[in-house]
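A quick write-up on the structure given underneath.
The values are calculated or read from the model by the stated rules, or taken from the named source; none is laboratory data. These numbers were taken from a predicted model, which means no experiment stands behind them. All Cβ positions, glycine included, derive from the backbone under ideal geometry; neighbour counts span all protein chains shown.
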């Protein structure tokens, strides 16, 4: 059995049954990270000793019945999310020794469910847009996306079964798509943000990156204490957002059209979903809110440490200080209008279907474009990407699905149906990692 | 003063000296100015309160 390729649900099942110990699993993953992360750079910090101690404790605690759902399953935590006694550096040098005394709410819930913190995954600075050191596991000359760069790369590279990310624009869905993983941004505030360094209070979300829809449901259930399993028998009714396809590269648009055809051939209804406003209104509104809020969030810290800021973020914050109150209020009013309209549209279908991003993973000088993810961070509707094969360039394809706020489980059920129809996901083979197993 | 003039004036006021020629600053100034333009060009949302000066809205309600 290749332990590193187990999904979270498979690992939990094997550990519960006693066929695999958490200690064995953690040992294998640590060896894999040691072999591959010199090139991949997905981890800011690996907490080997504590993870091994937690794994031994999980193995000792395993009982015949009533084991917590993620007993002994390791996970990564994006380095803007607090883990007790590990630094939350946010890739910001003055924060390198910032030691939180308590877990963030989401880490607390996952530990309660038996999961084990393996370490902190690389984030772009303060979860913004400056390129990270992390590389795409499919092609080292491409970005893994951002800002949850390390989380997406580590999951796709089989270094860990799942990882936590955050999304303010497109920071969970886009990197998961670029790396060929499943990325889930839940409804706004479905997962508590306590203990997460803020970028934009009205837009920040905590999300999950894993290797199957079943895993996302399992982890979401643990993070919200509302266990569920996605089950759907009937083919879904999908609303195709062709307005989004028009703003995507031809190769991406054609791939999503082809996936739509494949879903239709399997029985899904795929019909045009028409917006009443131009896509750019949503991205512009998102831009104004996020930039104004980020400028305020960072006002004091930027004044204290201007030269410690990465160049893209520093300029973004400085310009954001000039956004006026009237424009910010207008953006909040338009945000409410867009939320109402998108909710009404999404409610006409089981889910909306669109490309996960406007391009495949670009070169490593950027983290990609958030235009096709940001409208759902703006409106709080749950959104996710699932992989759908590889392009001729050897980069992952994927589709994005969007559901109704508060109906995350229904979205996961649609995604599970689509996952069963689309090409089975594959995972990159990195130099060194197979030899370690 | 036009809307874009107000943004320019705020930029003059807020930007630390020597930062206006930074390439990233120039890029964000362009992107933000475009976002504000799109936002301001959209009619004020009707959210239960008549937009000031919109007599047609008042007569419709």
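The number of residues in segment A:328-345 being surrounded by 20 or more Cβ atoms within 10 Å (Cβ to Cβ) and either more than 7 Å from every other protein chain (Cβ to nearest Cβ) or assigned to a loop (DSSP other than H, G, I, E, B) (or both) comes to 3. For the structure I just gave you, tell me whether residue A:309 is facing chain B (nearest Cβ under 9 Å) and in contact with a helix residue (DSSP H, G or I) (Cβ under 8 Å, 6 or more places away or on another chain). Spelling it out, it is not the case that residue A:309 is facing chain B (nearest Cβ under 9 Å) and in contact with a helix residue (DSSP H, G or I) (Cβ under 8 Å, 6 or more places away or on another chain). The single residue among A:27, A:14, A:34 that is without any contact (Cβ under 8 Å) to a residue 40 or more places away in the chain, more than 30 Å from residue A:226 (Cα to Cα) and in a helix (DSSP H, G or I) turns out to be A:27. Does residue A:373 satisfy being more than 10 Å from every other protein chain (Cβ to nearest Cβ), modelled with pLDDT of 95 or more and touching a helix residue (DSSP H, G or I) at 6+ places or on another chain (Cβ under 7 Å)? So residue A:373 passes the test. Residues in segment B:6-26 that are facing another protein chain (nearest Cβ under 7 Å) and in a helix (DSSP H, G or I): B:6, B:7, B:10, B:11, B:14, B:24, B:25. When segment A:174-223 is filtered for residues that are buried (at least 24 other Cβ atoms within 10 Å of the Cβ) and in a strand (DSSP E or B), the ones remaining, listed by number, are A:182, A:183, A:184, A:185, A:205, A:206, A:207, A:208, A:209, A:210. For segment A:128-142, which positions are under 20 Å from residue A:92 (Cβ atoms) and surrounded by 24 or more Cβ atoms within 10 Å (Cβ to Cβ)? Residues satisfying the conditions are A:128, A:132, A:134. Kindly establish whether residue A:257 is within 9 Å of chain B (Cβ to nearest Cβ) and within 24 Å of the chain's Cα centre (by Cα). So residue A:257 does not fit the description; no. Selection of segment A:303-327 for residues being without any contact (Cβ under 8 Å) to a residue 60 or more places away in the chain, part of a helix (DSSP H, G or I) and crowded, with 19+ Cβ neighbours inside 10 Å yields A:314, A:315, A:317, A:318, A:319, A:320, A:327. Is it the case, given these coordinates, that residue A:111 is assigned to a helix (DSSP H, G or I), surrounded by fewer than 24 Cβ atoms within 10 Å (Cβ to Cβ) and without any contact (Cβ under 8 Å) to a residue 40 or more places away in the chain? Taking the combined requirement at face value, the residue satisfies it. When residue A:385 is tested against (1) in a loop (DSSP other than H, G, I, E, B); (2) within 16 Å of the chain's Cα centre (by Cα); (3) more than 13 Å from chain B (Cβ to nearest Cβ), only condition (1) is not met. Would you say residue A:4 is in contact (Cβ under 8 Å) with a residue 60 or more places away in the chain, within 27 Å of residue A:138 (Cβ to Cβ) and buried (at least 17 other Cβ atoms within 10 Å of the Cβ)? Spelling it out, residue A:4 is indeed in contact (Cβ under 8 Å) with a residue 60 or more places away in the chain, within 27 Å of residue A:138 (Cβ to Cβ) and buried (at least 17 other Cβ atoms within 10 Å of the Cβ). Taking residue A:294, is it within 14 Å of chain B (Cβ to nearest Cβ), surrounded by 23 or more Cβ atoms within 10 Å (Cβ to Cβ) and closer than 30 Å to residue A:236 by Cα? Spelling it out, it is not the case that residue A:294 is within 14 Å of chain B (Cβ to nearest Cβ), surrounded by 23 or more Cβ atoms within 10 Å (Cβ to Cβ) and closer than 30 Å to residue A:236 by Cα.
For residue A:401, the conditions (1) farther than 30 Å from residue A:137 by Cα; (2) not in a helix (DSSP H, G or I) are fulfilled apart from (1). Residues that are within 14 Å of another protein chain (Cβ to nearest Cβ) and part of a loop (DSSP other than H, G, I, E, B) within segment A:260-291 comprise A:275, A:276, A:277, A:278, listed in sequence order.
The lone criterion from (1) modelled with pLDDT of 95 or more; (2) in contact with a strand residue (DSSP E or B) (Cβ under 6 Å, 6 or more places away or on another chain); (3) closer than 17 Å to residue A:258 by Cβ left unmet by residue A:395 is number (2).
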